[in-house]
Amino acid sequence: MRWPEGKSFAFTVFDDTDLSRPGNYEPVYELLHERGMRTTKSVWPATGAGTEARSAEGSTCDDPEYLKYVLGLQARGFEIGYHNSYHTGLHRTQIAQALDRFRSLFGHDPDSMSNHAMSLEGIYWGEARLSPPLSTAYRHIWARNRACVHQGHWENSPYFWGDLCKQRIRYVRNFVFGKTDTLAACPWMPYHDAARPYVNAWFAASHAQHCSHFLDVLSERNQDALEASGGACIVYTHFAADFVDGRGQLHPKARALIERLSRKNGWFVPVRELLDHIVAQRGLVELSAAARTSLEWRWLAHKVLVGAG
Ligand SMILES: [Zn+2]
């Protein structure tokens, strides 16, 4: 893959908004901005009955202080992505309203999204990420997840919004892996999967659930290997998960690693821009059965080992 502006590799982050409330994530963005790195921050845009603007789960776009900061990020060139309408999952009418609200707040439909782990409106999520017989294995291993059956793609469910996803959202995140070079772990991304037709294009990510995982994924050695490979890294993480301490200070090692990476000749753009560039170079890949099998097996192995993602 050739990167624009003579850059030797590409790097970005999709920040899952879980736990994010005013005061517990902003220093990461201040550093990224200072270092000229633009990434993607997701939001919950739902409003109305059954939603809470600020809770232990995190803030929604109904939290004025949170929204003001997020709009400021967009103005500074960060991408605002979608993380389902809300953390509990809402019915179709409220999902449609949430997507309209996203559009009115940010000026366009979401370009990228990720499913929230335990949201009833999750699309092709939980065991539906996998094909038989792996989906059956998943159901047995994570039987507790049956309390939340993701229904965004079930046409007869009140949580169905597959058609809206197809009309309005371009890229959806699926499999995560431990490798720092996401493109090496999933050389087909972004790809279309005919078995999951309500999603236009899927992308993979490098898994960094919390700050400690982020420190591993972006270790000095892994940064150097990414630069040498010329690949692309899309980190999936939660910037509200231990990056910032109770005094509002950014984790010193996270700061040092981000600063180190920023000094390399990388292309530091949001998820949409990175994926659009790959599509412009070679078109959107139609996922083959063999590639799907490879992704599903490797992801399931990763999930069994790491337990999340
Ligand atoms: Zn989440």
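The values are calculated or read from the model by the stated rules, or taken from the named source; none is laboratory data. Predicted model, so just to flag it, every value in this text is computed and none were measured. All Cβ positions, even for glycine, are placed from backbone atoms using ideal geometry, and neighbour counts span all protein chains on display. Heavy atoms of the whole protein, side chains included, go into the accessibility calculation; ligands, DNA and RNA do not. Shrake-Rupley method; radii C 1.70, N 1.55, O 1.52, S 1.80 Å.
Taking segment 103-118, which residues are within 16 Å of the ligand (Cβ to nearest atom) and of a type in the set (A, V, I, L, M)?
Kept after step one, since they are within 16 Å of the ligand (Cβ to nearest atom), are these residues of segment 103-118: 110, 112-118.
M113, A117, M118, listed by residue number.
Closer than 25 Å to F203 by Cα, open to solvent by 10 Å² or more (accessible area, probe 1.4 Å) and more than 15 Å from the ligand (Cβ to nearest atom): which single residue out of D18, D100 fits that description? Walk me through how you get there before you give the answer.
Details: D18 fails: more than 15 Å from the ligand (Cβ to nearest atom).
None of the others qualify; the one that does is D100.
Filter segment 107-122 down to the residues that are surrounded by fewer than 20 Cβ atoms within 10 Å (Cβ to Cβ) and at pLDDT 95 or above, then identify the one that is nearest to Q151 (Cα to Cα).
Once the filter is applied, the top-ranked residue is D109.
Taking the conditions exactly as written (more than 27 Å from P190 (Cα to Cα), outside any loop (DSSP other than H, G, I, E, B), of a type in the set (V, I, T) and modelled with pLDDT of 95 or more), does T93 satisfy them or not? Give the steps one after another, and end with the answer.
Working: more than 27 Å from P190 (Cα to Cα): yes; outside any loop (DSSP other than H, G, I, E, B): yes; of a type in the set (V, I, T): yes; modelled with pLDDT of 95 or more: yes.
Answer is yes for this residue.
Are any of the residues in segment 119-127 hydroxyl-bearing (S, T, Y), within 16 Å of the ligand (Cβ to nearest atom) and within 17 Å of H238 (Cβ to Cβ)?
Yes; the residues of segment 119-127 include at least one that is hydroxyl-bearing (S, T, Y), within 16 Å of the ligand (Cβ to nearest atom) and within 17 Å of H238 (Cβ to Cβ).
Looking at (1) buried (at least 18 other Cβ atoms within 10 Å of the Cβ); (2) in contact (Cβ under 8 Å) with a residue 60 or more places away in the chain; (3) of a type outside the set (D, E, K, R), which is the only condition L31 fails?
It fails just one condition, (1).
With a cut-off of at least 1 residues that are at pLDDT 95 or above and polar (S, T, N, Q), name the helices (runs of 4 or more DSSP H) lying wholly within segment 123-193.
Numbers: elements: 134-141, 162-168, 182-185.
So the answer is 162-168, 182-185.
Which residues, taken from segment 77-117, are of a type in the set (A, V, I, L, M, F, W, C) and farther than 15 Å from H238 by Cα?
Of all residues in segment 77-117, those of a type in the set (A, V, I, L, M, F, W, C) come to 78, 80, 90, 95-96, 98-99, 102, 105-106, 113, 117.
Across segment 77-117, the qualifying residues are F78, L90, I95, A96, A98, L99, F102, L105, F106.
Listed residues T40, T60; which is over 29 Å from Q223 (Cα atoms), in contact with a strand residue (DSSP E or B) (Cβ under 9 Å, 6 or more places away or on another chain), within 16 Å of the ligand (Cβ to nearest atom) and of a type in the set (S, T, Y)?
Numbers: T40 fails: over 29 Å from Q223 (Cα atoms).
That would be T60, the only listed residue that is over 29 Å from Q223 (Cα atoms), in contact with a strand residue (DSSP E or B) (Cβ under 9 Å, 6 or more places away or on another chain), within 16 Å of the ligand (Cβ to nearest atom) and of a type in the set (S, T, Y).
Is at least one residue of segment 59-74 part of a strand (DSSP E or B), in contact with a helix residue (DSSP H, G or I) (Cβ under 7 Å, 6 or more places away or on another chain) and either in contact (Cβ under 8 Å) with a residue 60 or more places away in the chain or open to solvent by less than 40 Å² (accessible area, probe 1.4 Å) (or both)? Before the answer, list the steps.
Quick first cut of segment 59-74, residues part of a strand (DSSP E or B) only: 59.
Now restrict to residues that are in contact with a helix residue (DSSP H, G or I) (Cβ under 7 Å, 6 or more places away or on another chain): 59.
The next check asks that each one be either in contact (Cβ under 8 Å) with a residue 60 or more places away in the chain or open to solvent by less than 40 Å² (accessible area, probe 1.4 Å) (or both); those that pass are 59.
So far as segment 59-74 goes, yes, one or more of its residues are part of a strand (DSSP E or B), in contact with a helix residue (DSSP H, G or I) (Cβ under 7 Å, 6 or more places away or on another chain) and either in contact (Cβ under 8 Å) with a residue 60 or more places away in the chain or open to solvent by less than 40 Å² (accessible area, probe 1.4 Å) (or both).
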